[in-house]
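Note sheet for the following structure.
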Amino acid sequence: MANTSARVEFDTLRRRQFFRLPVAWASKFSKRDTCVSVLAIFEALSVILAACAAKFLYLDLFIGRMQPWWPYLAPAPLLAATLYLFLKRADLYDSSSIGQTVVPYGKIFGVLVTSFLLLLGILYILKFADWYSRGWLLTWFGISAFLLITVRIVGMHYVRRKMAQGKIRQRIAMFGDPEFIAAMKASAEVAGPSAAIEGIYLAPTKVRREDLPADGGLDDLKFAIERRRYDTIIIGFPAEQIGCIKAAVNDLASYSTELLLCTKLEREPHIVRGARHIGALRADIVNLVPLSESNRALKAALDYILAGVGLFLLSPLLILIAIAIKLDSPGPVFFRQRRYGQNNRIFRIFKFRTMYVTEDGQHIKQAERNDPRVTRIGWFLRRTSLDELPQLINVLYGDMSIVGPRPHALAHDQLFDQQLDLFSLRRRVRPGLTGWAQVHGFRGETKTTLDISKRVEHDLYYIDNWSIWLDVEIMIRTIFVLFRGAF
């Protein structure tokens, strides 16, 4: 069972570490994720190495034309990045596909051809295509295909061998009724070394089983999920315990971990996204891992680069705004308020203070048009959305992303949770400075349930359809709506 003092010590340490590593990087990755990342790195290096080999074999040896290396290395990183995006889009970096026995030669070759054609198009538009020999390009393509497929075969063989040895496993936790969990555990263990039941968490009940050692209850499971200890959570209750099922799903649906439900219901009180078998155990899929979580490294890299560059370039403007706030009204420059982040983790958001008050309690009044609490400089900052710029600090901390569902004050989040069953699903990903809902006009004050339901609808669309290109589109569209402002 999780130790309460350990939690307090962990939270205290995080508060003291002002320059701590961002949570997205410091979090514990599973071995499956690590293997996928290493494979992606080696495949990217293979096409870069192929460019060097093609230059040496074709230009230096075959033609005998000695030329500098850098012009032939320059387009290689662009091809590597394009190749990664297309391979990811084709689900070739999905952890389950890497463990398969059949190598997807057709998909890999098709992705490589598409990546090369895109690269050639870019070189043509930039008027660099005439710089390169067609013989070198064809040689580069041939060597890239050979190295790419070789790396993929070796990587898949390594993953299968480690899975057979039980060193790469799907980390599973179970939560629910003790009797039901015991039956589920026996069925799931048939899956062999590829899956491991690493946590058992029990709902409060009068029934006790001495042969079923538990790691705690629901709160302990939430704490473990926040530390990324599990890949999959399975909820298990008898069919007649509909109230327990709905409560468990609502409590755990806001986390980014894959969520399954095992029961014998004829009609489920939740949205089912398919089914999965783990050994002899069949479970309904309630939550899939968000696409942005499957691409954590790519999305986080974009966030940290943009936030770091943004803070550096905007630092003179930020200093001027801070001075204006101090001259305009008494009080702090920054307004820090508690918000729910990914997986329900609470963080403090940074904003420039725009009001005479700095509310952060159980009862918070939303800003409204002609709000008397707004200062003179605050009106301008809110109108131009400049008050949101300090949230770039939250991005560097790993609490937020550039693009994602907008976070609300804790009191408002708790109210919306009661009004809408799907509201908590927004918290499966990191909140953002801007989002799909905001660029469609659903921002600012939420007076009615319809206002927040439309925002949730757009946020869930973003989570289910995420891609790096969607993030780029939202950033571009944000520029056009930036000066419409809030109140």
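For the pairs LYS88/LYS185; LYS222/LYS299; LYS246/LYS351, note any where the Cα-Cα span goes beyond 29 Å. In this structure, LYS88/LYS185; LYS246/LYS351 lie more than 29 Å apart at Cα.
May I ask which residue of CYS52, ALA40, PHE86 lies farthest towards the positive end of the charge dipole of the stretch 31-164, with charges of +1 (Lys, Arg) and -1 (Asp, Glu) on Cβ and the Cα centre as origin? Projecting each Cα onto the dipole axis, the largest value belongs to ALA40.
Ranked by how many other Cβ atoms sit within 10 Å of their own Cβ, fewest first, the residues LYS167, LYS222 fall in the order LYS167, LYS222. Per-residue extension of 0.36 nm, minus the Cα-Cα distance of ILE63 and ALA322, leaves a gain of 86.9 nm for this segment. For PHE334, nonlocal amide neighbours, meaning residues 5 or more places apart or on other chains whose placed amide H falls under 5 Å from its own, are ARG353. Neighbour counts of C-beta atoms inside 10 Å place TRP70, TRP436, TRP466, TRP379 in the sequence TRP70, TRP379, TRP466, TRP436, starting with the fewest. Over the stretch 94-160, the hull volume per residue, using the convex hull of the C-alpha atoms, is 85 Å³. Averaging Cα coordinates gives a centre for the stretch 326-357 and one for the stretch 387-408; these two points are 12 Å apart.
No lab work stands behind these numbers, since they all come straight from the coordinates. The shown structure was predicted, so the numbers you read here are calculated from the model rather than taken from an experiment. Please note: Cβ atoms are built from the backbone with ideal geometry, for glycine as well, and neighbour counts cover all protein chains shown.
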